[in-house]
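Below is one structure, written out as structure tokens, with a few remarks after it.
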Amino acid sequence: MARSITYREAINEALAQEMERDPSVIVMGEDNAGGQGSPGEEDAWGGVLGVTKGLYHRFPGRVLDTPISESAFIGAAVGAATGGLRPVAELMFIDFMGVCFDQIFNQAAKFRYMFGGKAVTPVVVRTMWGAGLRAAAQHSQSLLSVFTHIPGLKVVAPSNAYDAKGLLIQSIRDDDPVIFAEHKMLYNVAGDVPEESYAIPFGEANIVREGGDVTIVAIGRMVAMAQDAATELASSGVECEIVDPRTVSPLDTDTILESVENTGRLVVVDEANPRCSLATDIAATVAQDAFGSLRAPIQLVTGPHTPVPFADSLEDLFIPDAAKIAGAVKTAVDYAR
Amino acid sequence: MADERIQRVTMPKWGLSMKTGKIVEWFVAEGDTIAKGDDVVDIETDKIAGTLESPVGGLIRRIIAEPGADLPVGAVLAVVAPSEVADVDVDAVVEEAKAAIASGALEEDEGPQPQLVEVGGHTISYLTLGEGGEPVVLVHGFGGDKNSWLFVQQPLSEDRAVTVLDLPGHGASDKDVGDGSLDTLAGVVIGFLDALGIGRAHLVGHSLGGAVIAAAAKAAPDKVASLTLLAPAGYGEQADAEYLRGFAAATSRRELKPLLGRLFADESLVTRQLVDDLLRYKRLDGVDKALATVLDTLLTDADTQAIDTPALLEGVDVPVTVVWGESDRILPPPDGVGERVAAGHMLHMEAANDIVRHLR
């Protein structure tokens, strides 16, 4: 039976159910248990935003606190994965990828290839992304495209509680390194989630809404923004089809292309910086493979090419919203050759 | 004082998950006199569109719900009252109905929730609506669940208890089907009746569920008041094995959606939500194995039907009704057997009102 739980609870439940099912699953990261010196059970933090809360108590010895040394503990997780465990390591903010990036892109991502398929690296790096939490330039970035660039990594960006649980279970069962990107503004958003375990396959986009006039491809938190825009546009007779890729590597290009072949128009919404981004990547794929279907120039709705500002008013301006998305849709629909 | 002569046509609850419905088209107008059972309005849910038959008869005084309106279950759609009731009294009911919609109070009433019961080591999910009468139990088909009776259970439950259940491996029941044989599944249905304290019931089964209840009647005829088999498995050898095997194997929307079109005479009934709900079911741990196991009960290696339902029913002294959708592409209706309604394989969804009439 499905019941309504938050994105945070869905992630916690996925971890607990996989730890229950498979003794090789371990969890590690900064404050994931309770922090050095704390009694560690009742008052455990469960990570900076409480996602792993309660697991330390339920799975003694399998939830590890780590030092503030990402290079060391991400490396340890990668090594443990090659040695037979299925570690889920928490990189507190995606912004901290810089300090442990070698372990991810030049080690974990390469093992299967360099050892001729004889080695697998079933590690999951859970990490928080996105703007909106007033956390300033060093804790608000959307760096998914950097990981997506690298062959050998899978990159997952759930937009809702149901997807978060099913995609995390798939991530843990997957034999390749997975970057599991949790949008920090979605943790308290609830949705219907089955109590039972389930896995959502990678590379299977979700059609969130059907419509014949414009395809909106939106990622992470932007899916809900696109839904708000589509609801408003429907009242003026413009029907949007919203595609949520769910995983950006692999990317379900077939579903995106099929949708654009039906609608003839594409708007891509991603809050990341605009250059060399998921938005430009998706736009290029459609321009190359569905050029004949396009009836208007592809519209990109992204953050600007700046760091994420700390001032509330400027951060709000940075993030795409329903009005900006609706504006881009109107530009596409109103376009005349 | 409530005037008992004033009756209300309300938004029905077609299935557990239905929270709102959208008014598509009215077939009647203010001033028309309708009989109970007349088609009054087409309503679209997020799963499928259906036609509401009026639960009441009389003169339509007001139609409140405009086409296009999305209204919660229980919202008053129209007011029926004899001409001698004063306009002011009818309008008072209209105002009250609009206030109820505006207040949001209707959305909070979740209605009856499904229950769990242990049956011979299986956890079975079920939902009973209505009370009294000789109970009716509805059994879904391969890959279906209790929600497939969304248009049938509520109207049928107006004057009797009607129970829907999820077979093992399906819906919210556990996903262990054992050997998946007809006898095993029939044993669960019989055990389910016992667990609920139902001595004797009218059994209604769709597709695989039809063969399951036939096997149940053979094993325990004294528990079965009647059998109604809707597009039942096990009549003739032909089946759309490509659909059955494809459904069991599909993991993506792009694989599943074209297959689901074959279930209906009108393929446009396959909504995004219907596909999504089935994918959510198919992703649950254990479902792939359950479906693969039950598939062996349905099909031979040569892709013909493995079940012989008429043989099961030989010597079973229970009234049997068989109904087919005339455009069934999954299990083609055999010549000369049973009645026909205008529908595909999912006749209990596509021609629900005809099926309700058959069952009354």
Item checked: Two-site label geometry, A:ALA234 and B:LYS98: point separation in nm, points 7 Å out along Cα→Cβ -> 2.4
Check: By the gyration tensor of its Cα atoms, with a ≥ b ≥ c the square roots of the eigenvalues, what is the shape of region A:43-196: rounded for a/c under 1.5, prolate for a/b over b/c, or oblate?
Finding: rounded
Check: How high is the FRET efficiency between B:ALA195 and B:ARG357 when r is their beta carbon distance and R₀ equals 30 Å, given to the nearest 0.05?
Finding: 0.50
Item checked: Residue with peak Gaussian network fluctuation, chain B [Cα springs, cutoff 10 Å], from B:LEU59, B:LEU291, B:LEU138 -> B:LEU59
Check: Based on the Cβ-Cβ distance from B:LEU116 to B:ASP183, what FRET efficiency comes out when R0 is 25 Å, to the nearest 0.05?
Finding: 0.60
Notebook entry, point to check: Mean residue ellipticity at 222 nm from the helices of the protein assembly as shown, using -39,500 (n - 2.57) per DSSP H segment of n ≥ 4 over the full residue count, to the nearest 500 deg cm²/dmol?
Noted result: -9000 deg cm²/dmol
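Please compute the length gained on full extension between B:ASP308 and B:GLU134, using 0.36 nm multiplied by the number of residues separating them and subtracting their Cα-Cα distance.
My answer for the length gained is 59.8 nm.
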Check: Considering only B:ALA49, B:LEU129, A:ASN273, whose Cα is most displaced toward the positive end of the charge dipole of the protein assembly as shown, charges sitting on Cβ of Lys, Arg (+1) and Asp, Glu (-1)?
Finding: A:ASN273
Next item on the list: Report, in debye and to the nearest 20, how large the dipole of region A:26-170 comes out about its Cα centre when Lys and Arg carry +1 and Asp and Glu carry -1 on their Cβ.
Entry: 640
Note to self: Would region A:163-314 count as rounded, prolate or oblate if I go by the C-alpha gyration tensor, calling it rounded below 1.5 in a/c and otherwise prolate when a/b exceeds b/c, oblate otherwise?
What the structure shows: rounded
Next item on the list: Quote the charge dipole size of region A:85-199 about the Cα centre in Debye, to the nearest 20; the model charges only the Cβ of Lys and Arg (+1) and of Asp and Glu (-1).
Entry: 300
Note to self: Please state the shape class of region B:233-304: rounded when a/c is under 1.5, otherwise prolate if a/b exceeds b/c and oblate if not, all from the C-alpha gyration tensor.
What the structure shows: oblate
Checklist line | Dipole moment magnitude, nearest 20 debye, the protein assembly as shown about Cα centre, only Lys, Arg, Asp, Glu C-beta charged | finding: 1680
Check: In nm, what is the difference between 0.36 nm times the number of residues separating B:VAL337 and B:SER83 and their Cα-Cα distance?
Finding: 86.7 nm
Item checked: Per-pair calculated FRET efficiency, R0 = 25 Å: B:SER252 and A:LYS324 via Cβ, rounded to 0.05 -> 0.20
Next item on the list: Would you mind checking the tilt of helix B:182-195 against the longest principal axis of the Cα atoms of chain B, expressed as 0 to 90 degrees and rounded to 10?
Entry: 50
Checklist line | Span from the region B:54-90 Cα centroid across to the region B:190-244 one, whole angstrom | finding: 39
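Readers should treat all values here as calculations from the given coordinates under stated rules, not as data from a laboratory. In this text, all values refer to a predicted model and were calculated from it rather than measured experimentally. Cβ coordinates were reconstructed from backbone atoms using ideal geometry, including for glycine residues, and neighbour counts include every protein chain displayed.
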